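The values are calculated or read from the model by the stated rules, or taken from the named source; none is laboratory data. Predicted model only: the values in this text are computed from it and were never measured. Every residue, glycine among them, receives a Cβ derived from its backbone with ideal geometry; neighbour counts consider all protein chains shown.
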Amino acid sequence: MTATRPSARSGVDRPAGPSPLRRLLPGAPATAGPRGSTLLRHLAGAVLAGALVVLLTNQLPPYQNLQVARVCAFLCVTAGYTVLVGLNGQLSLGHGALMATGAYTVALVQRAFDERGVQGRWILPLSLLAAVAATALAGLVIGLAAARLRGPYLAGVTLAVATLVPAVSTIFTGVFNGEQGLRFPAETPPAFLGAYFQPERWLAWIALLAALLTVLLLANLVRSRFGRSLRAVRDDEVAARLAGIHVARTQVLAFVVSAGCAGLGGGVYAVLTATVAPGKFPLELSLFLLMAIVIGGLGSLAGAVWGAVLLVTLQDLPSLLTETFSLSGGLAQRLEGNLALAVFGLILIVVMLAAPGGLHGAVRTVAARLRARRRVPED
Amino acid sequence: MDRFLFLTFGGLSTGAVYAAFALALVLIWRAARLVNFAQGAMAVATAYVGYAVASATGSYWLGLGAAVLAGLLLGALVERVLMRFVGHANPLNEVIVALGLVLLIQAVLGMVFGNGYRPAAAPFDTDALTLGGVAALSPYDLWVLGAVLVVVVLLALLFTRTPIGLRMRAAAFAPEVSRLLGVDVSRMLTLGWALAAAVGALAGMLVVPTGLGLHPHAMDLVFVVAFTAAVVGGLDSPAGAVVGGLLVGLILSYVTGYLGPDTTPLAVLVLLLAVLLVRPGGLFSSAKARHV
């Protein structure tokens with residue numbers, strides 16, 4: 001404290017020294033300066049990734065484009081989820097229910113406009129914004145409770161939240177239409193793209209935009225003062241508090257941010273099929289999401305991308321197997337759904353036991369080892 | 001009033017099952033300081049074994065024995081093969097591995113037995129007997145209450161009156177010191193898991209006939225309720241788990257009876273949150289909650 005004061009008083013334009021919290025960051029500290037601003041760097045990355053995916057969608061057939069769209073929708077959720085679990089150490093099992101909140105909000109808003117005969121391009125972004133707001137509010141409520149709970153208790157409470165979706169949709173049948181769920185007008189490509197523009201490609205673009213925005217915002221958030229507070233709270237609450245961080249407020253905010261992302265992802269997910277039903281948000285969805293962020297490496301946004309891709313592709317595994325090995329009907333029916341479940345469960349266990357850093361961490365470790373081995377002969 | 005009595009008796013009977021299930025959770029919490037989120041899936045797996053044996057031999061009691069035996073084996077297996085190797089650096093790791101086990105067990109059950117509901121016959125009549133004009137307990141309810149009571153008494157005797165129970169308590173309470181005194185702590189841990197899974201298996205066999213039947217997801221909600229019961233009683237207290245189970249069973253019975261069955265999950269969440277926010281250590285704890 002006293003050491004920094006003289007330089008501050010003399011007004012020397014000294015570059016900000018590395019914060020003591022910097023050691024909490026994985027890897028080398030990314031100081032602003034030679035590598036430019038963090039925001040610009042992330043923005044360039046996002047634009048590049050977006051351009052690549054847009055080029056990709058121009059080549060793909062409809063079903064694959066829908067898969068891309070689903071990956072992007074799940075990426076919104078997993079990115080926010082991994083920040084909460086990996087960087088803040090709060091294990092929520094209720095993110096499937098938060099996705100449902102976002103999805104139902106989109107459906108209700110779109111239906112409200114549709115019933116009044118209002119149409120327009122602005123309804124979709126408005127409904128998605130409403131989904132983020134509603135889910136962030138739900139996240140605030142859960143987060144306020146969560147900030148007082150630890151480890152298994154928080155997991156138990158959020159597990160109870162995840163079982164709530166079918167119950168709520170049945171209790172308020174008048175609003176949510178019970179098991180049947182809600183339909184709303186499907187999103188169509190705008191006229192200027194041509195009459196024969198593939199609708200799935202348009203959906204993929206919408207989902208892509210949402211995913212890029214989410215990841216960009218989170219990437220900057222993680223690198224900010226708030227991101228460092230998140231990690232400090234995760235690693236040692238007492239030390240974080242001594243360092244002047246408001247522990248409970250940080251935890252609640254982390255939950256709100258994560259919930260908002262889940263709401264956006266859920267909303268986009270609903271837009272892809274123009275329907276919502278409680279059956280789409282079962283308890284396993286929350287466990288699938290957990291698998292996605294664990295396999296990618298907890299707390300890593302790049303890992304969240306891996307996870308979202310695997311989440312979508314692995315669910316097609318049974319049909320792929322059935323086609324390749326021409327399995328009998330009975331066996332195929334039993335594998336349907338269950339095989340993906342088994343693979344997800346195995347992945348969760350094996351990754352936690354063998355490589356707690358996840359795929360991303362494993363790749364990094366292997367790369368570091370290879371580099372070290374190459375260095376040995378030089379000595 | 002008749003309805004109230006009917007709901008009370010029904011609540012006590014389902015509460016007894018929740019109590020047994022919560023007891024299984026508390027056993028593992030005391031032995032290993034972790035909440036076994038795979039308890040429900042493990043109980044379903046043993047219930048499948050039990051009913052497969054029961055339908056093959058035609059005897060419910062052989063099936064019950066097979067389920068409890070399968071529970072002992074499964075519990076020991078899970079501890080020896082999985083939980084032993086989970087890193088303890090982060091308390092979330094154990095929860096995540098347990099959840100992976102849930103997915104795996106449910107998927108394997110679905111692949112082997114199919115995803116449909118399988119009928120599970122009760123060994124006794126499930127229609128309520130009328131006592132002085134009031135519908136009271138059914139013979140099956142009496143069997144459930146009796147079975148849970150016997151298990152609770154046996155566990156209490158095991159832990160307080162036998163050398164092995166003393167060793168188990170010592171190993172959980174002070175592992176280092178116990179090891180110095182010649183207690184095989186790792187075997188006690190395995191034994192704790194086996195016992196807990198056997199109690200869970202019994203609870204599973206008891207609860208399945210009262211529901212829609214046997215199904216890979218039959219225990220999802222039961223687990224959440226049992227977790228609530230264990231939290232109400234305090235995760236550290238076996239007596240609390242029993243009282244918590246009965247209490248939660250009664251409350252849910254009234255809620256379901258007066259407000260409709262769809263409100264059950266909502267009531268569970270409200271109850272869980274209320275207990276955790278007002279008395280985080282459970283109703284029967286004397287320990288102070290941690291505050292930062």
message = Of the residues A:GLY50, A:GLY45, A:GLY117, A:GLY102, only one is farther than 24 Å from B:ILE96 by Cα, not aromatic (Phe, Trp, Tyr) and not in a helix (DSSP H, G or I); which?
response = A:GLY117
query = Taking the stretch B:250-277, which residues are surrounded by fewer than 21 Cβ atoms within 10 Å (Cβ to Cβ), more than 24 Å from A:PHE176 (Cβ to Cβ) and facing chain A (nearest Cβ under 9 Å)?
reply = B:LEU277
remark   = Note on A:GLN180: of the conditions (1) of a type in the set (S, T, N, Q); (2) more than 9 Å from chain B (Cβ to nearest Cβ); (3) over 21 Å from A:VAL271 (Cβ atoms), unmet is (3)
request  = Quick one: in the stretch B:119-141, of everything that is surrounded by fewer than 16 Cβ atoms within 10 Å (Cβ to Cβ) and outside any loop (DSSP other than H, G, I, E, B), which residue is modelled with the highest pLDDT?
outcome  = B:PRO139
ask   = Among the residues of the stretch A:266-280, is there at least one that is more than 8 Å from every other protein chain (Cβ to nearest Cβ), buried (at least 18 other Cβ atoms within 10 Å of the Cβ) and in contact with a Pro (Cβ under 6 Å, 6 or more places away or on another chain)?
value = yes
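So that you can scan it fast, the table gives a plain yes or no per residue for (1) in contact with a Leu (Cβ under 7 Å, 6 or more places away or on another chain); (2) more than 10 Å from chain A (Cβ to nearest Cβ):
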{"position": "B:HIS88", "(1), (2)": "no, yes"}
{"position": "B:ASN93", "(1), (2)": "no, no"}
{"position": "B:ALA107", "(1), (2)": "yes, no"}
{"position": "B:GLY114", "(1), (2)": "no, no"}
{"position": "B:PRO119", "(1), (2)": "no, yes"}
{"position": "B:ASP125", "(1), (2)": "no, yes"}
inquiry  = Can you find a residue that is touching a strand residue (DSSP E or B) at 6+ places or on another chain (Cβ under 7 Å) and among the small types (Gly, Ala, Ser) anywhere in the stretch A:272-283?
reply    = yes
request  = Mind listing just one residue for me: the one in the stretch A:356-376 that is among the aliphatic types (A, V, I, L, M) and more than 18 Å from A:LEU289 (Cα to Cα) and, of those, farthest from the other protein chains (Cβ to nearest Cβ)?
outcome  = A:VAL376
ask   = Within the bounds of the stretch A:130-137, is there any residue that is within 14 Å of chain B (Cβ to nearest Cβ) and surrounded by fewer than 20 Cβ atoms within 10 Å (Cβ to Cβ)?
value = no
inquiry  = If I filter the stretch B:215-236 for residues that are in contact with a strand residue (DSSP E or B) (Cβ under 8 Å, 6 or more places away or on another chain), under 30 Å from B:MET111 (Cβ atoms) and outside any helix (DSSP H, G or I), do I get at least one hit?
reply    = yes
